[in-house]
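A.B. asks: Encoded as structure tokens, here's the structure I'll be asking about.
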Amino acid sequence: MAKKTLEYYMRLPYRVEIYPEEDGSGYTAKIPDLPGCLTSADTIDELWDMIKEAKELWLEVALEDGDYIPEPSPVEIQEYSGKFLVRIPRSLHRQLAYRAKQENTSLNQLVVMLLSEGTGRWTERKSILSVRQRTFTMHFEYRPEILALNGYTRTRRTNPVTGFREFVWFPPTGGATEP
């Protein structure tokens, strides 16, 4: 079997997720199948170039270190019937029925509306948390070659919280830091 090259992995259709920054200052992109492969930029145009660069650097390091490189996860398309059964306490059922009557709507419509609102808030909160919880960000101004020229050294370790392999940069004076 032929050894897989950087070019091989660069051609694979890895899924890219893009999130707006919490403060509105730009965007973050990550490739979920490549743990720790993410970057940030001010504009979507810059972001696209930067995620390509981050992907290439992630793959180069993994190939150099002989690390396992996952191939893209298959996209699953699942059909849903639009029906599901939920068991709830009688007291909640009573409250929902009472509110539906007050709003002159069906219990079903009220529950759909409440679930839709809740899902929207949950999705927004999850997006914000995922940006806050990132383990490693490769910003344009912190490219590895620039850090190396400034005396920083790099090592890879397994993050004890996420279990993902990540870079840790050490400044010239010693001690771990995030650039």
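A.B. asks: Over all distinct alpha-carbon pairs, what is the Kirkwood Rh of segment 7-133 in angstrom?
C.D. replies: Computed over Cα pairs of segment 7-133, the Kirkwood hydrodynamic radius comes out at 18.4 Å.
A.B. asks: Starting from the Cα of residue 3, step 7 Å along the direction of its Cβ; do the same at residue 45; then give the gap between the two resulting points in nm.
C.D. replies: Rounded to a tenth, the inter-label distance reads 4.0 nm.
A.B. asks: DSSP loop trypsin sites (Lys or Arg not before Pro) in segment 1-99 with at most 14 other Cβ atoms within 10 Å of their Cβ, which ones?
C.D. replies: 3, 4, 15, 83, 87
Laboratory data are not the source of any read-out in this text; all were calculated from the coordinates shown. Please read all numbers here as calculations on a predicted model, not as lab measurements. Neighbour counts are summed over all protein chains in view; Cβ atoms, including those assigned to glycine, are modelled from backbone coordinates with ideal geometry.
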